[in-house]
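The values are calculated or read from the model by the stated rules, or taken from the named source; none is laboratory data. All of these numbers come straight from a predicted model, not from anything done at the bench. Here the Cβ positions follow ideal geometry from the backbone for every residue, glycine too, while neighbour counts run over all protein chains shown. To get the accessible areas, we keep the full protein, side chains included, count just its heavy atoms, and leave off ligands, DNA and RNA. Shrake-Rupley method; radii C 1.70, N 1.55, O 1.52, S 1.80 Å.
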Amino acid sequence: MTPLKGIRVLDFSKVLAGPLCGQWLGDLGADVVKIEPPDSGDDTRGWPPFRTGGEARVGAVFLSANRNKRSLALDLKTPEGQAAAQRMAREADVVIESYATGVAERLGIGAEALCAANPRLIHCSISGFGRSGPLAQGLGYDVILQAFSGIMAMTGERGGGPIRSPFSPIDQSTGMNAFSGILAALLERGRTGRGCRLEVSLFETAAALLGYSLQIYWEKGTLPE
């Protein structure tokens, strides 16, 4: 099944949430181009364990989140690299980025600039704590949000210390939120002809995962054990 055949996606994201979102779009038939820095590529290329054989070592985490993509090395710190990315974005349907707040704008791939040049573009920005507010500059990784949100404090045995989940539930769920938001935006664009800007964050995902635990706290006034 390829319902997204003909949809072009530029994936500027790295590590897990954004790459997973792009991968799932590719699973549905979208043409996904992963834009990576020329020196090292996505961080997860270098995360062990590695696939062995051949000349290149590729990390298992990278392989788990980047199937169905083509890769392009592009130096967005140069005017030439930025110009190339902007030309591609004018022909794209979806852009995904997960830079620290303000970096995408400095690299010329922020939502305002790209959507002005391509009004049909769906621009999805993934961050740790959102793009506005007092925590906007905070960097977010899954384990940070597990701790910050209180999920770690609720995990483990009674009387024990906080325990982190051994996988990455917040990253993966944030990727799902971005994925569903992009699908909804594509449907809306089919009706209106216009794209939009989407923002998802690990913090909002963590809060959503705590839904009924938060409701119990609001009802009882006691922290979950």
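If you check Ile144, Ile126 for being touching a helix residue (DSSP H, G or I) at 6+ places or on another chain (Cβ under 7 Å) and not polar (S, T, N, Q), only one passes: Ile126.
Residues that are in contact with a Phe, Trp or Tyr (Cβ under 8 Å, 6 or more places away or on another chain) and either of a type in the set (Asp, Glu) or open to solvent by less than 30 Å² (accessible area, probe 1.4 Å) (or both) within segment 172-194 comprise just one, Gly175. The set of residues in segment 84-94 that are open to solvent by less than 40 Å² (accessible area, probe 1.4 Å), hydrophobic (A, V, I, L, M, F, W, C) and out of contact with any helix residue (DSSP H, G or I) (no Cβ under 7 Å at 6 or more places or on another chain) comprises Ala84, Ala85, Ala92. The set of residues in segment 23-41 being open to solvent by less than 50 Å² (accessible area, probe 1.4 Å), touching a strand residue (DSSP E or B) at 6+ places or on another chain (Cβ under 8 Å) and at pLDDT 95 or above consists of Gln23, Leu25, Gly26, Ala30, Val32, Val33, Lys34, Ile35, Glu36. Of the candidates Ala117, Ala153, the single residue that is farther than 18 Å from Thr101 by Cα and modelled with pLDDT of 95 or more is Ala117. Is at least one residue of segment 3-22 without any contact (Cβ under 8 Å) to a residue 24 or more places away in the chain and surrounded by 15 or more Cβ atoms within 10 Å (Cβ to Cβ)? No, that holds for no residue.
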